[in-house]
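**Student:** Mind looking over this structure? Questions follow.
What follows draws every value from the coordinates through simple rules; no lab data is involved. Keep in mind that this is a model prediction, so the values were computed, not measured. No Cβ is skipped: glycine too gets one built from the backbone with ideal geometry, and neighbour counts run over all protein chains shown.
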Amino acid sequence: MKKKWLIGNWKMHGNLAANKALIASIRAELPELDEGAEMVVCPAFPYLYQLAELTRGTGIGVGVQNVSDHLQGAYTGETSPLMVKELGGSFAIIGHSERRQYQGENDGLMGRKALAAIDAGLIPVICVGETAEERDTGRTHDVLARQLDAAFGYIRTAHDKIVLAYEPRWAIGTGIAATPEIIQAEHEFLRHRVAIRDKDFAARLPIIYGGSVKSANAVSIFSMPDVDGGLIGSAALNATEFVSIYRELL
Ligand code: PEP
């Protein structure tokens, strides 16, 4: 059976005490992970090593919310994917819409970051998604195709360790998730688009959904055939919610 994924994006939240309490609560509610589903948490950079220590031996993976597109050099303020790897990270969210919106990240940069993450041995979680305006004007597929092609233009599909996340911008942090039908349609579109490059890879590729997923809507979203899991923002900061969403994957 294809593995399911639950990835928590903690954004710029947390502190040493709160992070420790959150992992302890997740572990108390869910002492053992299921073989069928991965769980990953992505804290802010300063807490990467703390989370690597807190999750050691638990099966919970740790990632970051961004990485540099370079492995080393004179790039003030940037963080190399090699450093993430050394400090215990295994995943890197790439191209999140908040980085596109506030840091001006573009498609090309996303592709280069995904490649640098892979070169450092991380699993990139590549985010694509349209704005409300792009959806309303019928451009969703053009946008998704452009973002996907930009990322996959840099990546050889021989890399098996990639997660693709469909995150419509209008659903992120708004409390209004896309409907299961919209999610299924866009995941199917993305999988077909990847299949043009490599059919087998497309079938294996985990495509997860992000945008206001809660325990209340998780079951209908995860029941869609092309949904392989979720990228969770605010609900990932609540252990009970996060664990309930995880259980809906199984
Ligand atoms: C996200 O930031 O990736 C996200 C999905 O956020 P939320 O679940 O809060 O909409």
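**Student:** Add -39500 (n - 2.57) for each DSSP H run of 4 or more in the chain, then divide by its residues: what number comes out at 222 nm, to the nearest 500 deg cm²/dmol?
**Tutor:** Counting only the DSSP helices, I get -13000 deg cm²/dmol.
**Student:** First select every other residue whose beta carbon is under 11 angstrom from the beta carbon of E35; then total the charges, Lys and Arg +1, Asp and Glu -1.
**Tutor:** Once all neighbours under 11 Å are counted, the net charge is -1.
**Student:** Cα convex hull of the stretch 1-91: how many Å³ per residue?
**Tutor:** In the stretch 1-91, the Cα convex hull volume per residue is 101 Å³.
**Student:** Which residues' amide hydrogens lie under 5 Å from the amide hydrogen of I123, considering only partners 5 or more residues apart or on another chain, with H built in the peptide plane?
**Tutor:** Amide H neighbours of I123, under 5 Å, 5+ apart: F91, A92.
**Student:** Straight-line reach from K214: which lysines have a Cα under 28 Å away, not including same-chain ones fewer than 8 places off?
**Tutor:** K2, K3, K4, K11, K20, K161
**Student:** For the chain, just list the percent of Cα-Cα distances falling in each 5 Å bin from zero outward, please.
**Tutor:** 1, 6, 15, 19, 21, 18, 12, 6, 2, 0
**Student:** Now a separate question. Take peptides 110-116, 85-91, 70-76 and line them up by average Cβ neighbours within 10 Å, highest first, as a rough protection proxy. Write out the running numbers ahead of the final one.
**Tutor:** Working: 110-116: 23.0, 85-91: 19.1, 70-76: 10.0.
So the peptides 110-116, 85-91, 70-76, ranked by packing, come out 110-116, 85-91, 70-76.
**Student:** Right, here's the next one. Over the residues of the stretch 132-250, compute the C-alpha Rg and express it relative to 2.2 N^0.38 Å.
**Tutor:** The value comes to 1.06.
**Student:** List the equivalent ellipsoid semi-axes of the stretch 23-65 in whole Å, largest first, each obtained as the square root of 5λ for an eigenvalue λ of the Cα gyration tensor.
**Tutor:** Computed over the stretch 23-65, the values are 18, 11, 8 Å.
**Student:** Can you pull the three principal axis extents for the Cα set of the stretch 36-138, in Å, largest first?
**Tutor:** 48, 40, 22
**Student:** Still on this structure: May I have the pair-distance distribution P(r) for the stretch 110-183, computed from all Cα-Cα distances with 5 Å bins from 0 and rounded to whole percent?
**Tutor:** Over the stretch 110-183, the share of Cα pairs per 5 Å bin runs 3, 15, 24, 21, 15, 13, 8, 1 percent.
**Student:** Distance from the Cα centre of the stretch 127-202 to that of the stretch 1-56, in angstrom?
**Tutor:** 25 Å
**Student:** Please report the net charge: other residues with Cβ closer than 10 Å to the Cβ of P124, K and R +1, D and E -1.
**Tutor:** That sum, taken over residues with Cβ under 10 Å, equals +2.
**Student:** What number comes out for the charge environment of Q65, summing +1 per Lys or Arg and -1 per Asp or Glu over other residues with Cβ under 10 Å away?
**Tutor:** Numbers: positive: K11, R99; negative: E98.
So the surrounding residues net to +1.
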